[in-house]
1. Using the Cα centre of the range 3-232 as the reference point, and only Cβ charges (+1 on K/R, -1 on D/E), how large is the resulting charge dipole? Debye, rounded to the nearest 20.
2. State the antiparallel share, in %, of DSSP beta bridges confined to the chain, rounding to the nearest 5.
3. Using DSSP to define loop residues, name the trypsin sites (Lys or Arg not before Pro) in the range 40-93 whose beta-carbon has at most 13 other beta-carbon atoms within 10 Å.
4. For the range 107-241, what ratio Rg/Rh do Cα atoms give with a Kirkwood hydrodynamic radius?
5. Quick check: net charge around SER132, other residues with Cβ under 12 Å of its Cβ, Lys/Arg +1 and Asp/Glu -1?
6. At a threshold of 8 angstrom on Cα-Cα distance, excluding pairs fewer than six apart, so keeping six or more, what relative contact order does the range 18-152 reach in percent?
7. May I ask for the percentage of alpha-carbon pairs in the range 89-152 that lie more than 13 Å from each other?
8. What is the calculated FRET efficiency for ALA97 to ALA218, with r their C-beta to C-beta distance and R₀ = 35 Å, to the nearest 0.05?
Amino acid sequence: MIRIIPVIDIRGGQVVAAEGGQRWRYRPVELAWCARSEPVAVVEAMRRRYRVDTVYVADLDAIEGRRAAIDPTGLGRPLWFDAGVRTIDQLRDWEKAWPEGVTLVAGLETLACQAALGELTRRFGPDRLVLSLDLRGGRPVAAAGSDWPSEPLAIVRAAVALGIRQILVLDLGAVGRGGGLACWAVPLLERFRGAGLAAEWFVGGGLHSVAEIEPLEAAGYAGVLVGSALRRGDFDSLLGR
């Protein structure tokens, strides 16, 4: 069964509702099943409400280059956490203190270079690391001045060669809009697999209906990230509510 991974975006110490990747427009969430928008309260309520294990948390302050807004240690386990990693120097600070049970999500949007991803793989190991292949309209969204290739297949080939074994295909432009997963999500994975690139594949950005799950699973995705659709209750039937 494909994994459903709830998404929590944090900005300014509050859980916010995504809107097409336009982060300056994000506002604190209003949830019928949680009276507060503080991250710990929302994550705890989500774990109680839904039969899920892993939760994905993105610290948007860190991703945008500001001081991190949250420490992942209080958010429970297991957890995927995007802390906006950019350089190898950050890794040295985190290496000894990084919590057990927390998988680091390294986003193409912030990674300064391929060498940083290679160092991440060596220090954390492939089981505690996910590469987020950040896309907008099917085109890579890479950090300014980085040495990443300009084509998704070339990026994934480089990442797999560096030891990456878990890859999230993320449509930044579609998050929070509920318009349905991009039409290129399945063909893109078929292209990766056809090129012999072996990894555990995940996908996110715009999912709005349980009807989308079956074709994603058939294509070979191991998991899907769900944010606004989960908060709206669109996945309650699938998750036992």
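The numbers here are math on the coordinates, done by the rules we state, and not lab data. What you see is a predicted model; the values in this text were computed from it and never measured. In this analysis, Cβ positions are derived from the backbone assuming ideal geometry, glycine residues included, and neighbour counts consider all displayed protein chains.
1. It comes to approximately 300 debye.
2. Numbers: 8 of 41 bridges.
Given both bridge residues lie in the chain, the antiparallel proportion sits at roughly 20 percent.
3. Working: sites: ARG47, ARG48, ARG49, ARG51, ARG66, ARG67, ARG86, ARG92; in loops: ARG51, ARG66, ARG67, ARG86.
Answer in residue order: ARG51, ARG66, ARG67.
4. Values: Rg = 15.0 Å, Rh = 15.4 Å.
Computed over Cα atoms, the ratio is 0.98.
5. Details: positive: none; negative: ASP82, GLU109, ASP134, ASP171.
Here the charged neighbours net out to -4.
6. On the way: 182 pairs, mean separation 22.3, N = 135.
Once normalised by length, the contact order is 16 percent.
7. Numbers: 1286 of 2016 pairs.
Summing the P(r) tail past 13 Å for the range 89-152 gives 64 percent.
8. Details: r = 41 Å, r/R0 = 1.16.
Approximately 0.30, to the nearest 0.05.
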